[in-house]
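Report on the structure given below.
The values are calculated or read from the model by the stated rules, or taken from the named source; none is laboratory data. On a predicted model such as this, the values are computed, not experimentally measured, just so you know. Note: ideal-geometry Cβ built from the backbone for every residue, glycine included; neighbour counts use all protein chains shown.
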Number of protein chains: 2
Amino acid sequence: MAEVKSDIEIARAAKKKNIMEIGAKLGIGSDHLLPYGHDKAKISAEFIAQQQSRPNGRLVLVTAINPTPAGEGKTTTTVGLGDGLNRIGKKAVVCIREASLGPCFGVKGGAAGGGYAQVVPMEDMNLHFTGDFHAITSAHNLLAALIDNHIYWGNEQNIDIRRIAWRRVMDMNDRALREIVCSLGGVANGYPREAGFDITVASEVMAILCLSMDLKDLEKRLGNIIIGYRRDKSPVFARDIKADGAMTVLLKDAMQPNLVQTLENNPAFVHGGPFANIAHGCNSVVATTTALKLADYVVTEAGFGADLGAEKFFDIKCRKAGLKPDVAVIVATARAMKMNGGVKKDDLGQENIEAVKKGCANLGRHIQNVKKFGVPVVVGINHFVSDTEGEIQAIKDYVATLGAEAVLCKHWAQGSAGIEELANKVVQLAESGQSQFAPLYPDDMPLFQKIETIAKSIYHAGEVIADKSVRDQLKAWEDQGYGNLPICMAKTQYSFSTDPNLRGAPSGHTVPVREVRLSAGAGFIVVITGEIMTMPGLPKSPSSERIFLNDMGQIEGLF
Amino acid sequence: MAEVKSDIEIARAAKKKNIMEIGAKLGIGSDHLLPYGHDKAKISAEFIAQQQSRPNGRLVLVTAINPTPAGEGKTTTTVGLGDGLNRIGKKAVVCIREASLGPCFGVKGGAAGGGYAQVVPMEDMNLHFTGDFHAITSAHNLLAALIDNHIYWGNEQNIDIRRIAWRRVMDMNDRALREIVCSLGGVANGYPREAGFDITVASEVMAILCLSMDLKDLEKRLGNIIIGYRRDKSPVFARDIKADGAMTVLLKDAMQPNLVQTLENNPAFVHGGPFANIAHGCNSVVATTTALKLADYVVTEAGFGADLGAEKFFDIKCRKAGLKPDVAVIVATARAMKMNGGVKKDDLGQENIEAVKKGCANLGRHIQNVKKFGVPVVVGINHFVSDTEGEIQAIKDYVATLGAEAVLCKHWAQGSAGIEELANKVVQLAESGQSQFAPLYPDDMPLFQKIETIAKSIYHAGEVIADKSVRDQLKAWEDQGYGNLPICMAKTQYSFSTDPNLRGAPSGHTVPVREVRLSAGAGFIVVITGEIMTMPGLPKSPSSERIFLNDMGQIEGLF
């Protein structure tokens, strides 16, 4: 076997084309591409507006089984499939999420694919990139400052300072900021109160930016943010303190999709990155809808496994943006199947066909779930060098029993050459016209029933339980006109149930709803079923200790 | 008189050239210019390193009288003079500071000059620009997160949590964050302690970036930051918790100077923006030294009046970077002279030659002070339409009595055509070889004596008073090897004294030293003589309420 190169070695050896050339492939003139260096660019709002009458290309969702510590390679497969489609003669664009800066300093970073299926420049993508997350941080914190300033100068809106619903954000893993008391120090500094910070990807502004159709829609949604409540419990909106205009100005450039390239010089849109638990976990609507105007095929992904990611992609993003996915790829690995089948992490290197077969139940459940949305499915088996032929065949045989097909993909080692078969299968399914996409539940279903529908239909839960206060809250929102919103489930990504240790395909379990939150700007109801951490911490020996610039000015230790 | 256009109208009508063309004027190839859009670019570290053997151009400092509410127009004159020098055939580059985002949402923004002497794109310069301040915010807050994380995981360095010297920063006017208690909420969130936020321009990282010669120097200085003290009062450095490498990586691009252009398409470097009180208030050393390699003339400015700004420019920036200024321009206005002469703001529109004469004492003191550094001086009278010939002549006559010359400048209304006379005078003084620049005090003078030297020689104070604790602290730093550092005075900018209401040219006053701080990474001792606000608040009706995107996608209300 040839020497295995690291992701960063492969990325550094990439023969990148000038981003203007990549844009030209999609028919974007240099006037409409705002460069950020020679290898990144933003696409102008004007250009995007001009494309609206063009027909859409085909939309491919890449999703996965429940994540395991073995790694599935969803982004790698998304990038590889994009290259594969280009290889077989289709004009394809990859749409993925931007990476958060903070976590890179905790554990190893890298959210740009891997092996020979990467998006470049990966260093930039893991650091400041084109500044979108910084702009979101600024817009979010401007609103926070305006809230305390409004109260300081007389509180004309009568905001109850015990009921402020807007925290601050920072793109950093900083547990010390999770819970604070602010405005200490006397009269000049305001009214002391409990407050706190989330990481930027958990900001509602992030979710709003990713669901907005254009700048006008963005401004409207920002105005709809509920910043807190009065003593009579009536909501106070961001527009009530005139914050929406300035927030929109701060987000003017961040709203525009970022164009970069794969290692094979194919176009990739990398834009937006909302949390996949308290938000919907997909790249921006603007990036996806723009890509659909410019390409035959758009390959995008959703966060976590299909139970969370694909469900939200279909029920929130596709519903709200009017998208109609043509085919879904579910990524699985033999290693992850073994883990689902009960094998410990240290033993994953040994062949164990029985464990693979046992673990396939998890994959099977996801296949059946995705079909419930009317979207045809193909399984992509992301190949690891330790996989055996027997293990791969076991997965293929299992998937065939469900009326679907599993295709072995070697894009990590071979780039597009290793994923031609999946690309052809995707084209066949997409062009068959099989897709009859529809969301899982209608807009006008009562909110609690929407939760039950997701829990029973997708998680195979036996029941949903919730305190009266939660049910009353949902009723109150229905009375206030929010009953038509979709549900955004915040659940562990490791299991169909709310118990992260329950692998495989459990049934009949109970889904307890701990809390519900209204994201009135983003336009969904967050349903929390467990502990959700919105501000991570750093480990004992954070990776920042090993990150530095080498003598050639290259970044070491980030990947 | 013709209709007077607003700054933003003039800026929007600018015929900008592609930034690659502007770079080409300076001999910077497109490979070494990293574009940010079509009108901004960063200059590569490699290109800068290649210029080191070239001779330096002439260095011109633009400073001013003590600021008044009447406005002096220091940046406007800096930009205008750059254009004027280009007009008379000199290759000139303007070097100014970047603007802070936060204050733009409080009161009207605009730090890019005015009238027909502006740097463009002004909207970007007042918002995210090329992301430098966001990178500084990230690097600063990474260090803060690492400090609390170090303590959380066992505190190997034995940092005394009562003596943590590193706050957090945000580029926002947010008084609620001035004083907080962090790490609340129990075991998982750390040890509760008092903390707080400053605005990003007050970060020591900002000062460090602006004083570093290159990335290696930057990393070394970041490592030198004192983050706190142990119980035995020994300092703990950023390098002790291995933060310097990752901070440098975050600042990799922020370290490179930004190239933009004036309305007349002449090159301008806009880079760095440290506070002018607790820091030295100058644009970056890298920008200035690079510009000197590429141009015949470099025109730069320093914060506040000459008592603070020019003194720090000479004693901190020039001393540390080995710069030798050739000439200084002191900006004055008839209106400001009248105000110094006792006229109220509402009466500034009426001619009052006696008041002008009386107010000239302030200007005279600054002229004499700058000459103490061995640098020849010319006064630039920034013309306002309400000025009378008699008032202008009074200033000219006064300045002549001090052996200097005052030149009337109409760059605000006419661009470079209005400032040819000043440009010619600057060239004459610079090429005369008169400058015998030397800092005010030697490196090896004891710290307290350095403070006295500045106070007596520049402020004309009678004495400096300080508690024993302050004097002991200075002694202790001398013992630890910091005695050779320059002094960075934090004093009101409105007066030579520490009383902001004492205008004109007071003498014999007392300078009380309230506190001293060691900025070991930046390399200076901060001497605080009054209340210094490092986190501004927003006013009752912040300008954010009137900032929005109009239907053409243009920003309204920011200027």
field: In segment B:338-378, residue nearest to B:A400 (Cα to Cα) [restricted to those that are in contact with a Leu (Cβ under 7 Å, 6 or more places away or on another chain) and at pLDDT below 95]
entry: B:K338
task: Scan segment B:28-52 for residues that are more than 13 Å from chain A (Cβ to nearest Cβ) and surrounded by fewer than 13 Cβ atoms within 10 Å (Cβ to Cβ) and jot them down.
output: B:Q50, B:Q52
- request: Would you mind telling me which numbered condition in (1) at the interface with chain B (Cβ under 8 Å from one of its Cβ atoms); (2) of a type outside the set (K, R); (3) touching a Cys at 6+ places or on another chain (Cβ under 8 Å); (4) in contact (Cβ under 8 Å) with a residue 24 or more places away in the chain A:N173 fails?
  value: (3)
- request: Select from segment B:379-407 the residues that are within 25 Å of the chain's Cα centre (by Cα) and modelled with pLDDT of 95 or more and write down the one among them that is farthest from B:D83 (Cα to Cα).
  value: B:A406
task: Within segment A:508-559, track down each residue that is closer than 21 Å to B:R239 by Cα and of a type in the set (F, W, Y).
output: A:F548
- prompt: Does segment A:218-234 include one or more residues that are touching a helix residue (DSSP H, G or I) at 6+ places or on another chain (Cβ under 6 Å) and of a type in the set (S, T, Y)?
  reply: no
task: Go through segment B:190-226 and give me each residue that's under 20 Å from B:I159 (Cα atoms) and hydroxyl-bearing (S, T, Y).
output: B:Y191
Within segment A:104-119, considering residues that are closer than 20 Å to A:S284 by Cβ and of a type outside the set (V, I, T), the one nearest to the chain's Cα centre (by Cα): A:A111
task: For segment A:535-542, state whether one or more residues are within 14 Å of chain B (Cβ to nearest Cβ) and of a type in the set (G, A, S).
output: yes
- line: Counting only residues in segment B:124-140 that are out of contact with any helix residue (DSSP H, G or I) (no Cβ under 9 Å at 6 or more places or on another chain) and within 13 Å of chain A (Cβ to nearest Cβ), the one farthest from A:L538 (Cα to Cα) is identified as B:D124
query: Quick one: which of B:L85, B:L101, B:L146 is over 22 Å from the mean Cα position of the chain (by Cα) and in the same structural domain as B:V286 (by TED's automatic domain parsing)?
result: B:L85
- request: Give me a count of the residues in segment B:545-555 that are at the interface with another protein chain (Cβ under 7 Å from one of its Cβ atoms) and either farther than 10 Å from A:V249 by Cα or aromatic (F, W, Y) (or both).
  value: 2
- line: A:F313: passes all of (1) of a type outside the set (G, A, S); (2) at pLDDT 95 or above; (3) out of contact with any strand residue (DSSP E or B) (no Cβ under 7 Å at 6 or more places or on another chain) but (3)
field: The lone exception for A:P121 - which of (1) facing chain B (nearest Cβ under 9 Å); (2) surrounded by fewer than 24 Cβ atoms within 10 Å (Cβ to Cβ); (3) of a type outside the set (K, R); (4) at negative phi it fails
entry: (1)
message: Restricting to segment A:2-27, name every residue that is closer than 18 Å to A:N126 by Cα and either surrounded by fewer than 22 Cβ atoms within 10 Å (Cβ to Cβ) or among the aromatic types (F, W, Y) (or both).
response: A:S6, A:D7, A:I8, A:E9, A:I10, A:R12, A:A13, A:A14, A:K16
field: Within segment B:371-465, helices (runs of 4 or more DSSP H) holding 1 or more residues that are crowded, with 21+ Cβ neighbours inside 10 Å and aliphatic (A, V, I, L, M)
entry: B:389-401, B:420-431, B:447-457
field: Output for segment A:504-546, where each listed residue is modelled with pLDDT of 95 or more, of a type in the set (A, V, I, L, M) and either more than 21 Å from A:Y482 (Cβ to Cβ) or part of a strand (DSSP E or B) (or both)
entry: A:V511, A:V513, A:V516, A:L518, A:I525, A:V526, A:V527, A:I528, A:M535, A:L538
field: Top-ranked residue of segment B:218-242 - restricted to ones that are of a type in the set (A, V, I, L, M, F, W, C) and assigned to a helix (DSSP H, G or I), ranked as surrounded by the fewest Cβ atoms within 10 Å (Cβ to Cβ)
entry: B:I241
query: Checking B:M20 against (1) modelled with pLDDT of 90 or more; (2) within 30 Å of B:F496 (Cβ to Cβ); (3) of a type in the set (A, V, I, L, M, F, W, C), which single condition isn't satisfied?
result: (2)
field: Checking B:L292 against (1) outside any loop (DSSP other than H, G, I, E, B); (2) in contact with a Ser or Thr (Cβ under 8 Å, 6 or more places away or on another chain), the condition it does not meet
entry: (2)
- request: Considering each of B:F496, B:F548 in turn, give the residue that is surrounded by 21 or more Cβ atoms within 10 Å (Cβ to Cβ) and not assigned by TED's automatic domain parsing to the domain that holds B:P69.
  value: B:F496
statement: Filtering segment A:151-170 for residues that are at the interface with another protein chain (Cβ under 9 Å from one of its Cβ atoms) and either modelled with pLDDT under 95 or outside any helix (DSSP H, G or I) (or both) leaves a count of 4
message: Please go through segment B:513-544 and give me each residue that is surrounded by fewer than 20 Cβ atoms within 10 Å (Cβ to Cβ) and hydrophobic (A, V, I, L, M, F, W, C), ordered by number.
response: B:I528, B:I532, B:M533
- prompt: So which pairs qualify, if the first residue must be in segment B:177-203 and within 7 Å of chain A (Cβ to nearest Cβ) and farther than 13 Å from B:A145 by Cα, the second must be of a type in the set (V, I, T) and in a loop (DSSP other than H, G, I, E, B), the Cβ gap must be under 9 Å, and the two must be at least 6 apart or on different chains?
  reply: B:R178/B:T534
- prompt: Which of the residues that make up segment A:132-157 are touching a Ser or Thr at 6+ places or on another chain (Cβ under 7 Å), among the hydrophobic types (A, V, I, L, M, F, W, C) and over 18 Å from B:A135 (Cβ atoms)?
  reply: A:L142, A:L146
query: Before we move on, is B:A176 crowded, with 23+ Cβ neighbours inside 10 Å, in a helix (DSSP H, G or I), touching a Leu at 6+ places or on another chain (Cβ under 7 Å) and among the aliphatic types (A, V, I, L, M)?
result: no
query: Could you count how many residues in segment B:184-216 are in a strand (DSSP E or B) and either over 19 Å from B:T534 (Cβ atoms) or under 27 Å from the mean Cα position of the chain (by Cα) (or both)?
result: 4
- prompt: Taking the condition surrounded by fewer than 24 Cβ atoms within 10 Å (Cβ to Cβ) and either of a type in the set (S, T, N, Q) or out of contact with any Lys or Arg (no Cβ under 6 Å at 6 or more places or on another chain) (or both), does B:G245 pass?
  reply: yes
